[in-house]
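Beneath this line is the structure, given in structure tokens, with notes to follow.
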Amino acid sequence: MPKQDQQALENMPDLVTHDTEEAPGAFETKGGLKQRDNLPAVMYSKNTVASLEGKLIKLGGYPVPIENDAQGKVTQLFIVPYPGACIHVPPPPPNQIVLINYPKGIQINDIYEPIWVIGKLHIEQVTNELADAVYTMQADNVRLVQESDL
């Protein structure tokens, strides 16, 4: 994300407290990762970092499955910066959501388990029923983060 967006997020007032029960999940419903009204402007940001276009990168985050193959492996997903995005916290801005296409598929049993994704990042606005994103990636590799990675 651009530096000015990072600074705005770092200086943003607390929008969420974590001392309540988890709300019912919304990311599987239409518009589940889309922003709600009345949030600070940075939460709607579609600003991108042009120098990342076409770069081969390794990206860590949490999966939000979108499509599965016949064996149940996830072949398309969003990757978001924190677990449980939009369950009891506001969803990330579009410039922190990346649409991942991975035809090989990966078995994802728990959206709270972080993943690594390697591939070329592209600046491309994507809007679907679930979320808005400004980056896409055709992944070369997707795997769960292992204890040895930390």
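The numbered conditions (1) more than 15 Å from Pro81 (Cβ to Cβ); (2) out of contact with any His (no Cβ under 6 Å at 6 or more places or on another chain) are all true for Trp116 except (1). A Cβ distance below 8 Å, combined with a sequence gap of six or more or placement on separate chains, defines the contacts here; from the stretch 132-150, residues that are at negative phi reach residues that are acidic (Asp, Glu) in the pairs Val134/Glu124; Tyr135/Glu124; Thr136/Glu124; Leu144/Glu113; Val145/Glu113.
Consider the stretch 113-150 and keep the residues that are over 12 Å from the mean Cα position of the chain (by Cα) and among the hydroxyl-bearing types (Ser, Thr, Tyr). The one that is nearest to Pro103 (Cα to Cα) is Thr127. Could you go through the stretch 46-69 and let me know if any residue there is touching an Asp or Glu at 6+ places or on another chain (Cβ under 7 Å) and either more than 20 Å from Lys3 (Cα to Cα) or of a type outside the set (Ser, Thr, Tyr) (or both). Taking every residue of the stretch 46-69 in turn, at least one turns out to be touching an Asp or Glu at 6+ places or on another chain (Cβ under 7 Å) and either more than 20 Å from Lys3 (Cα to Cα) or of a type outside the set (Ser, Thr, Tyr) (or both).
Note on the stretch 58-110: residues that are under 19 Å from Gln138 (Cα atoms) and either surrounded by 13 or more Cβ atoms within 10 Å (Cβ to Cβ) or touching a Ser or Thr at 6+ places or on another chain (Cβ under 7 Å) (or both) total 32. Pairs are defined by a Cβ separation below 7 Å, a sequence spacing of at least 6 or placement on different chains, a first member in the stretch 64-85 that is over 19 Å from Tyr135 (Cα atoms) and part of a strand (DSSP E or B), and a second member that is at pLDDT 95 or above and not acidic (Asp, Glu); the pairs so defined are Asn68/Val74; Asn68/Thr75.
The values are calculated or read from the model by the stated rules, or taken from the named source; none is laboratory data. In this text the structure is predicted, and so the values were computed from the model without any measurement. Here the Cβ is made from the backbone with ideal geometry for all residues, glycine too, and neighbour counts use every protein chain on show.
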